[in-house]
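Below is one structure, written out as structure tokens; the observations come after it.
The values are calculated or read from the model by the stated rules, or taken from the named source; none is laboratory data. Computed from a predicted structure; not experimentally measured. FYI the Cβ positions are ideal-geometry reconstructions off the backbone, even for glycines, and counts take in every protein chain you see.
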Amino acid sequence: MSSLSRELVFLILQFLDEEKFKETVHKLEQESGFFFNMKHFEDQVQAGEWDEIERYLCGFTKVEDNRYSMKIFFEIRKQKYLEALDRQDRAKAVEILVKDLKVFSSFNEELFKEITQLLTLDNFRQNEQLSKYGDTKSARNIMLVELKKLIEANPLFRDKLTFPPFKSSRLRTLINQSLNWQHQLCKNPRSNPDIKTLFIDHSCTPTTANGARPPPPSNNPLVGPIPKAGAFPPIGAHGPFQPVVSPTPGPPTHMQPSSAAAFLKHPRTPTGMTGMDYQSADSEHLMKRMRTGQSEEVSFSGIVHAPNIYSQDDLPKTVVRTLNQGSNVMSMDFHPQRQTILLVGTNVGDISLWESWLPGKVGTQTFQSLGSLCFFNATADSIAK
């Protein structure tokens with residue numbers, strides 16, 4: 001399995017854990033063999049779930065793999081055998097002896113004979129080596145300490161005992177970035193799209209023949225709020241997949257989400273906006289978008305000037321770029337079609353045109369005559385095209 005495919009399994013494991021799919025998490029851990037969940041193993045040992053313990057272990061090692069693995073399985077089966085004897089369930093003890101412990105006789109025949117002789121005792125604690133055996137709970141805890149040492153020393157478990165460090169809800173974040181990228185390829189991108197499915201690529205719905213948009217469908221959020229992180233270890237800032245294009249800073253009104261919350265947490269549709277159909281953008285349009293140097297992420301928030309659409313949690317918390325106008329700003333407005341183009345007016349009558357992804361002004365005009373405004377309209381239209 002490739003490195004990225006392996007990392008995808010870890011992303012799914014994190015998602016399943018955050019969504020509380022506990023049995024599915026451990027089944028995937030076992031079937032993939034990528035991560036041995038020591039906490040799950042401890043819980044199963046303390047609960048005496050012997051069959052489940054062996055099934056889980058078999059995803060990582062077999063009895064005959066090495067001496068560490070052999071010792072792990074032996075200790076588990078011996079404990080199961082002693083507990084059956086302690087319950088005076090001799091029929092079960094004989095079954096365990098024949099089916100589970102006899103395999104070890106070829107490696108240590110004397111030990112197997114000694115274990116077999118315990119059947120003849122009224123209380124196996126009469127055996128000198130087992131005289132300090134306490135109750136079931138304390139015996140399981142003592143065995144667990146030994147098992148953890150064997151697992152940590154076993155080379156087959158190397159690099160499988162620590163969950164990789166990456167941020168919470170990483171899979172949701174990647175999906176959100178993918179939707180942003182798909183939206184960036186739209187020929188007629190809407191400022192606040194309504195995402196309804198992940199099964200096919202997103203594309204904004206075109207306008208109707210008379211220029212109006214169809215009425216919005218009922219909003220049906222695909223996913224709810226991002227859950228809190230589950231039982232996996234604390235996660236850091238490294239992620240396995242790199243973006244297709246390195247993002248450039250966006251305009252101050254764009255939100256660059258560090259997680260999928262900005263899109264998945266509040267999937268609302270403003271009045272007058274339509275839903276989405278889904279189709280792939282053509283390669284020519286893709287190249288055109290890439291040549292313009294647009295940011296990799298297209299924000300779904302902070303562009304439409306409609307009240308009460310987003311909560312305070314959705315607002316950007318970090319200044320992305322400062323535009324130095326040189327005098328007090330009295331008015332600002334974005335281009336109606338190309339919303340990264342900003343027109344700024346000041347208290348002394350100066351007017352400047354900014355393209356948010358460029359380092360400087362596109363144009364500026366000091367207060368002289370109203371006729372100079374046509375320059376800005378022409379420049380904005382040429383950039384939008």
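Give the residues of the range 128-141 that are under 11 Å from residue 75 (Cα atoms) and exposed (fewer than 15 other Cβ atoms within 10 Å of the Cβ), sorted by residue number.
Once the filter is applied, which keeps residues that are under 11 Å from residue 75 (Cα atoms) and exposed (fewer than 15 other Cβ atoms within 10 Å of the Cβ), the range 128-141 yields nothing.
Taking the conditions exactly as written (part of a helix (DSSP H, G or I) and closer than 24 Å to residue 153 by Cα), does residue 31 satisfy them or not? Give the steps one after another, and end with the answer.
Details: part of a helix (DSSP H, G or I): yes; closer than 24 Å to residue 153 by Cα: yes.
Yes, satisfied.
Give the residue that is nearest to residue 67 (Cα to Cα), with candidates limited to residues of the range 127-167 that are of a type in the set (Val, Ile, Thr) and more than 34 Å from the chain's Cα centre (by Cα). Can you show your working first?
Let us first name the residues in the range 127-167 that are of a type in the set (Val, Ile, Thr), namely 136, 142, 145, 151, 162.
Within this subset, residues satisfying the condition of being more than 34 Å from the chain's Cα centre (by Cα) are 136, 142.
Numbers: 136: 26, 142: 20 Å.
Ranking the qualifying residues of the range 127-167, first place goes to 142.
Yes or no: residue 198 in a helix (DSSP H, G or I) and touching a residue at least 24 places away in the same chain (Cβ under 8 Å)?
Details: in a helix (DSSP H, G or I): no; touching a residue at least 24 places away in the same chain (Cβ under 8 Å): yes.
No.
(1) part of a helix (DSSP H, G or I); (2) surrounded by 17 or more Cβ atoms within 10 Å (Cβ to Cβ): which one isn't true of residue 60, the others all being true?
Evaluating residue 60 over (1) part of a helix (DSSP H, G or I); (2) surrounded by 17 or more Cβ atoms within 10 Å (Cβ to Cβ) leaves (1) as the failure.
Which members of the range 103-140 meet the condition of being in a helix (DSSP H, G or I), closer than 27 Å to residue 44 by Cα and either free of Cβ contacts under 8 Å to residues at least 12 places away in the same chain or aliphatic (A, V, I, L, M) (or both)? Give the derivation first.
Here is the first cut: in the range 103-140, the ones in a helix (DSSP H, G or I) are 103-106, 109-120, 124-126, 128-130, 136-140.
If we keep only those that are closer than 27 Å to residue 44 by Cα too, we end up with 103-105, 111-112, 115-116, 118-119, 124-125, 129-130, 136-140.
Within the range 103-140, 103, 105, 111, 112, 115, 118, 119, 125, 129, 130, 138, 139 meet the criteria.
Filter the range 68-92 down to the residues that are in a helix (DSSP H, G or I), over 37 Å from the mean Cα position of the chain (by Cα) and farther than 17 Å from residue 139 by Cα and list them by number.
90, 91, 92
One line per residue, one yes/no per condition, for (1) at pLDDT below 75; (2) within 30 Å of residue 188 (Cβ to Cβ); (3) of a type in the set (D, E, K, R); (4) out of contact with any Leu (no Cβ under 9 Å at 6 or more places or on another chain):
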residue: 310; (1), (2), (3), (4): yes, yes, no, yes
residue: 313; (1), (2), (3), (4): yes, yes, yes, yes
residue: 325; (1), (2), (3), (4): yes, no, no, yes
residue: 354; (1), (2), (3), (4): no, yes, no, no
residue: 371; (1), (2), (3), (4): yes, no, no, yes
residue: 377; (1), (2), (3), (4): yes, yes, no, yes
